[in-house]
Amino acid sequence: MRVNHSMLHNTILQDITRDYKRVAKLHEQGSSGLKVRYPSDDAIVATRASNASSRLREMEQSKRNGNTVNTYLQMYDKVTQEMSALVTRTRELTVQGANGTLTPQDRKTISQEITKIKDQMIQLANTNLGGEHIFGGADSSNPPVNDDGSINLAPKADIPQSVDLGGYNFEYGMTVYDSFVVDGNESVFNLLDNIIKNLDKEDPQDYLNNIALEKVERFEYNIQQTTAQNGASERFLEMSTNRFEEYTTFLTEYVSKEQDADFLETYTNLQNQQTILQAALKTGANVMMTSLVDFVR
């Protein structure tokens, strides 16, 4: 095949352009630190890295969800500890109030303290964390208990909150029905009201000894069960968080291995390619500057 001057020029220009592209690509790898940025660089590696990166973002979101849940669980711990102290004091006052030797003034003093305990219980039931009522269930925007101690029967208030932890739907929220109900549908606030009403009677011993004390002890047992359940949730969350940390570390290393450029290798290749480019420019310039007239001479 005959090679004319125009074909030779085109071939030289194509070679130089190709060398420029190689230098540009190596420079981009060195400046970005990535050997694969686009699917056109390496479709298989780019796809694997993209999938791993997506999974990594999911793990990061799960870790953030875990941190939120952990804050709630810590608050539940604090509240149940306060509830436990209040119900213990309620039991002591119930036993005192059942003493037949007490004067009406003695019973009134006990009644006043139980009224304060009821107010504290209402405050605990309406505990607010970051704008959400922790015992409000799926309707956490509204306080679950009214000022008089009646439970606000809002839709979804009996549904515990849940969050995604690595693809697992983890229920962590305790509702007011889980934590402030003595037995069946009777709330602790109603129980405290009944104790207060009976203390105002002349002979409260029968109710306090045979009914109220048993219910107070039952509620105390419910708090212990709630505390145990919360502790189990904390242990599960801790194990999940540790797993997320390990998996995040693995995915980060995997993505880095797939995408990150070796700096020393990239720098060496760039130096070599720049040398090749300079040589191509020099030889190309010599050839392209030669014309037919030079051969005629």
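The values are calculated or read from the model by the stated rules, or taken from the named source; none is laboratory data. Note that the structure is predicted; figures quoted are calculated from it, not measured. Because the Cβ atoms are built from the backbone with ideal geometry, glycine has one as well, and the counts that use them run over all protein chains shown.
Structural remarks
- Residue in the range 168-190 that is nearest to GLY66 (Cα to Cα), counting only those that are touching a residue at least 12 places away in the same chain (Cβ under 8 Å) and small (Gly, Ala, Ser): GLY173
- Taken over the range 155-181, the criterion of being part of a loop (DSSP other than H, G, I, E, B) and small (Gly, Ala, Ser) is satisfied by ALA157, GLY166, GLY167, GLY173.
- Lone qualifier among TYR177, TYR172 - being hydroxyl-bearing (Ser, Thr, Tyr), touching a helix residue (DSSP H, G or I) at 6+ places or on another chain (Cβ under 6 Å) and crowded, with 17+ Cβ neighbours inside 10 Å: TYR172
- Answer residue from the range 199-253, given it is aliphatic (A, V, I, L, M) and closer than 22 Å to THR71 by Cα and is farthest from the chain's Cα centre (by Cα) among those: ILE223
- Check on PHE180, touching a Phe, Trp or Tyr at 6+ places or on another chain (Cβ under 9 Å), at pLDDT 90 or above and assigned by TED's automatic domain parsing to the domain that holds THR71: yes
- No other residue among ILE122, ILE159 is farther than 30 Å from THR241 by Cα, in the same structural domain as ASP77 (by TED's automatic domain parsing) and β-branched (Val, Ile, Thr) apart from ILE122.
- Residue pairs meeting the criteria (Cβ under 8 Å; at least 6 apart or on separate chains; first acidic (Asp, Glu), in the range 222-250; second at pLDDT below 85): none
- ASN222 vs. criteria crowded, with 16+ Cβ neighbours inside 10 Å, closer than 28 Å to MET75 by Cα and out of contact with any Phe, Trp or Tyr (no Cβ under 7 Å at 6 or more places or on another chain): yes
- Against the conditions (1) farther than 13 Å from VAL79 by Cβ; (2) touching a strand residue (DSSP E or B) at 6+ places or on another chain (Cβ under 6 Å), ASN126 satisfies every one except (1).
- Index of the failed condition, ILE110 passing every other in (1) within 30 Å of GLN205 (Cβ to Cβ); (2) part of a loop (DSSP other than H, G, I, E, B); (3) touching a residue at least 60 places away in the same chain (Cβ under 8 Å): (2)
- Residue pairs whose Cβ atoms lie under 8 Å apart, separated by 6 or more positions or on different chains, with the first residue in the range 54-65 and closer than 18 Å to GLU238 by Cβ and in contact (Cβ under 8 Å) with a residue 40 or more places away in the chain and the second in a helix (DSSP H, G or I) and among the small types (Gly, Ala, Ser), are SER62/SER240.
- For beta carbons closer than 7 Å, sequence separation of 6+ or different chains, a first residue in the range 78-102 that is over 14 Å from LEU199 (Cα atoms) and a second that is aromatic (Phe, Trp, Tyr) and surrounded by 16 or more Cβ atoms within 10 Å (Cβ to Cβ), the qualifying pairs are VAL87/PHE219.
- Some residue of the range 137-145 being closer than 30 Å to THR248 by Cβ and in the same structural domain as PRO204 (by TED's automatic domain parsing): yes
- Among the candidates THR241, THR266, THR252, THR227, the residue that is polar (S, T, N, Q), more than 30 Å from ARG89 (Cβ to Cβ) and modelled with pLDDT of 80 or more is uniquely THR241.
- Qualifying residue in the range 207-229 (condition: part of a loop (DSSP other than H, G, I, E, B), of a type outside the set (A, V, I, L, M) and within 20 Å of ALA157 (Cβ to Cβ)): no
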